[in-house]
1. Give me the one-decimal nm value for the distance between modelled label points at B:Val18 and A:Val112, 7 Å along each residue's Cα-to-Cβ direction.
2. GNM on chain B, C-alpha springs below 10 Å: top fluctuator among B:His193, B:His64, B:His90?
3. Report the one residue of B:Met127, A:Phe84, B:Val227 whose Cα lies farthest in the direction of the positive end of the charge dipole of the protein assembly as shown (charges on C-beta: Lys and Arg +1, Asp and Glu -1; origin at the Cα centre).
4. Assuming a ≥ b ≥ c are the square roots of the Cα gyration tensor eigenvalues, decide whether region B:276-357 counts as rounded (a/c under 1.5), prolate (otherwise, with a/b larger than b/c) or oblate.
5. What net charge do the residues around A:Thr149 carry, taking every other residue with its C-beta under 15 Å from that of A:Thr149, with Lys and Arg at +1 and Asp and Glu at -1?
6. Within 10 Å, at most 16 other Cβ atoms, and a DSSP state outside H, G, I, E, B define an exposed site. Report the longest part of chain B free of exposed chymotrypsin sites (Phe, Trp or Tyr not before Pro).
7. Roughly how much accessible area, to the nearest 100 Å², goes out of reach of solvent when B and A pair up, both sides summed, probe 1.4 Å?
8. By its C-alpha gyration tensor, with a ≥ b ≥ c as the square roots of the eigenvalues, how is chain A shaped: rounded for a/c under 1.5, else prolate for a/b larger than b/c, else oblate?
Amino acid sequence: MTVVPELTEHERAHEAAESRRGFLMALPAYLYLIVFFAIPLAIVFVYSFATRSRTGGTDLSGWNLDSYGRLGEDIVTRVVFRSFGLAMTTTIICLLLAYPFAYFVATRRPAVRGLLLVGVMIPFWTNFLVRNYAWRVLLSNDGPVSQFTEAVGLGETQILFTQVAVVIGLVYGFLPFMILPLYASLERIDPRLIEASRDLYASSWASFRKVVLPLSRPGAIAGSILVFVPSFGAYVTPAILGGDKKPLLGSYIVSQFLTARNWPFGASLSSVLIIVMLSATLVYFRAGGRNL
Amino acid sequence: MASAVELKGVTKRFGDVVAVDDVDLSIADGEFFALLGPSGCGKTTTLRMIAGLDLPSAGSLTIHGEEVGPLPPNKRPVNTVFQNYALFPHLSIEDNVAFGLKMQKVAKGEVGRRVAEAIELVQLGGMERRKPTQLSGGQQQRVALARALVNRPKVLLLDEPLAALDLKLRQGMQNELKALQREVGITFVFVTHDQEEALSMADRIGVMGDAKLLQVGRPEEIYEQPVSRFVADFIGRSNFLPGTVAAASTVTLANGASIPAPTADRAAGTVVDVSLRPERVRVEQRDAAPDDVARLDGVVRSATFLGNAMVYSLGFDWLELEARLENRPSQQRFSPGDEITVWWREDAIAVVDGGSG
């Protein structure tokens, strides 16, 4: 056993000053997060136990689980499954598109890499809403896409206001969130590991499967979460490109707050969504983390 | 003896840069061969070409008589121990070692048996389930060795295998590597910039400089009879006494003195350097040197105590010499300012091509 010598007076004072300084530096960010994130979340959580008054207000006096009881209703499960399927589709398409691109970028010269990564981020310079409206123009019945398919003899396309349009919009919007973490993890792989595997009789395909793929898993997991989570609760893109025949989770929650004026039900939906996503993320990270 | 590895006119160009220039080399089966040279001399590129990680731009490369020049690494009967080991961080020690066998689709039972054997060979029993990051540098080195040797390659390539280890461990591993090579009987080709490592481990050494293979020979040959000033200077330290060949076996030094020297077949008038190792320089008090040998009169400029030896810088009116005298009780010590005479045995010197460099 090692003997830990007692700290002297001035060592203690120094450490106290250090931790005080750290706390003070973090304070603005903490305050901001508490006021605009933690407190609103707490309010949502509290409201989910309240009752809708007959006039559409929220009655906080009688706490109950009624809103949670409604989560099993048919309409809710349909909305949840539809949203889940759409988010899964979006995530998988993003993964398939982003992986080869990220691999390509990660294996370029550093100067070229920088250029390509800036290219990935250029769309962020334009407002998300504006870009979604741009897709509305592109996909509309007399838009460029439709004109093209007509010109080559495939007939008029009717993509806008379908789930296909929503997936196109979501993939477009969230693809960079998949590319960046994938790139980061691929770029970190020591090229000598690939050489070592080739030296140990792996074909280039086997080398990819046994070395590159497992080592890029953290990036694929992080990217999938970054795409899946916002896709699952997406509101803007489905609202603009999807029409309102088949509501998704995001718009369904919004309609509870704004149209149906049932805040407790909207709040309970939101709470469950948050808790499910949070636990799924944790489980996913744990599962991935074990093999890192 | 059959050649394990044979290079004929092997050249590697990267764009305009010639990394390896027309190298001819034959490495015998079962040999422990060192490629030695300063960084950027082309030794690693040569090793990578044998491994198949770089392909030669010209020339022929055979392994046990089979041309392998254009073959990818996975089609060659060689394995590499990489610098910094390149162990797969996501795999356990066991799976790292098994990697090559699994890729070759060796039957499961045999994989298990051979992996266990290899891990035993490098004395890492009990570590099978650990990840590489949980091991020390020396242990990682052993895993890298086991991972390569388990495949029973015809040739094992080692790229600066000891460079990442600290001094003590490095010396221990030198002996272990040598013993291991004798035990498995596989041809080892290793690359190093550390001349001591090469001298102490290798059966033969190939010295490279500036993309060319300059000299190949046993450690003693390279040390005693370097073919060029570069080789003499790179392997150990040496003094160079400028001169010209006067006649066969005689060199006239720049101060006018004629000395007997092994001039080989150099013509009279050739500018040469006489290479004289510091530990071969004999230092005596002025006029105490024997009469029948080459000798020079000079002054002690400085004396440095190294524990096991004294190193003197000796001044002459036309050059300076370094002399290293072992620290023995019987050995006379000198102080700066002492007037001395140096001499050397005729077989203590080598003649190398002179001029710059």
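The values are calculated or read from the model by the stated rules, or taken from the named source; none is laboratory data. Small disclaimer: the values here were computed from a predicted structure and weren't measured. For neighbour counting, all protein chains shown are included, and Cβ atoms are generated from backbone atoms with ideal geometry for every residue, glycine included. Areas reflect the complete protein model, heavy atoms only, side chains present, ligands, DNA and RNA absent. Shrake-Rupley method; radii C 1.70, N 1.55, O 1.52, S 1.80 Å.
1. A separation of 2.8 nm, rounded to one decimal place.
2. Greatest mean-square fluctuation among the candidates belongs to B:His90.
3. So the residue furthest toward the plus end is A:Phe84.
4. rounded
5. -3
6. For chymotrypsin sites (Phe, Trp or Tyr not before Pro) (loop position, at most 16 other Cβ atoms within 10 Å), the longest site-free span of chain B is B:1-315.
7. It comes to approximately 2000 Å² buried between B and A.
8. Here chain A falls in the oblate category.
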